[in-house]
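The values are calculated or read from the model by the stated rules, or taken from the named source; none is laboratory data. What you are looking at is a predicted structure, and each value in this text was computed from that prediction instead of being measured. For neighbour counting, all protein chains shown are included, and Cβ atoms are generated from backbone atoms with ideal geometry for every residue, glycine included. Protein only, heavy atoms only, side chains kept; ligands, DNA and RNA dropped before computing areas. Shrake-Rupley method; radii C 1.70, N 1.55, O 1.52, S 1.80 Å.
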Amino acid sequence: MQLRKSVLYTYVACILIFACIYYSLGTSHFNSGMKKGSFVDNLYFSVITMSTVGYGDIVPVSQTARLLATLQSFLVIVFIMIILFPTDVMDIL
C-alpha cells in the first residue's frame, strides 16, 4: 500500500513538473489556441498527456516538446508497471 501511495505522489509531481517545463518552453512549441503565459493550459496539456487521453487540441510541434511529451507518456507505462507488478519491477531495479 505504501508503494502505491508513493507512486501516486510521484505521478502527481510528474504532472506538475512537466507542466512547469512546458510553461518554460512557451507557446511557440505547441500548435493550438494555448494562451501565452497560461499555466493552466500547460497543466491541462500535462494532465492530458499523462492520462494518455490526448484530445488533440494542444499538439507539440517542436522536437523538444515532442521529446518531452514522449518521455512523459513513457513514464505512465513505468507507473502502471510498478502498480501492477510491484515485486517484478523492484527486482529489475
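Taking the solvent-accessible surface of protein heavy atoms with a 1.4 Å probe, what is the per residue accessible area of the chain in Å²? Walk me through the numbers before you get to the answer.
Numbers: 6110 Å² over 93 residues.
Result: 66 Å² per residue.
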Requested in this report: Could you state the angle between the C-alpha long axis of helix 2-25 and the longest principal axis of the C-alpha atoms of the chain, as a value from 0 to 90 degrees rounded to the nearest 10?
Outcome: 20
Query - Top of Met50, Met34, Met81 by mean-square fluctuation, Gaussian network on the chain, Cα under 10 Å - result: Met81
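Could you tell me the calculated FRET efficiency between Ser24 and Thr52, based on Cβ-Cβ distance and R0 = 22 angstrom, to the nearest 0.05? It would help to have the intermediate numbers written out before the result.
On the way: r = 23 Å, r/R0 = 1.05.
After rounding, the FRET efficiency stands at 0.45.
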**Report entry** Phe39 versus Ser73: modelled label distance in nm, points set 7 Å from Cα along the beta carbon direction
**Finding:** 2.7
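May I ask you to derive the FRET efficiency for Ser6 and Asn31 from their Cβ-Cβ distance with R0 = 30 Å, giving the value to the nearest 0.05? All intermediate terms of the calculation are to be shown ahead of the outcome.
Values: r = 36 Å, r/R0 = 1.18.
Once rounded, the FRET efficiency stands at 0.25.
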**Report entry** Whole-percent pair-distance distribution, where bins are 5 Å wide, for the alpha carbons of region 1-79
**Finding:** 3, 16, 28, 26, 14, 7, 4, 2, 0
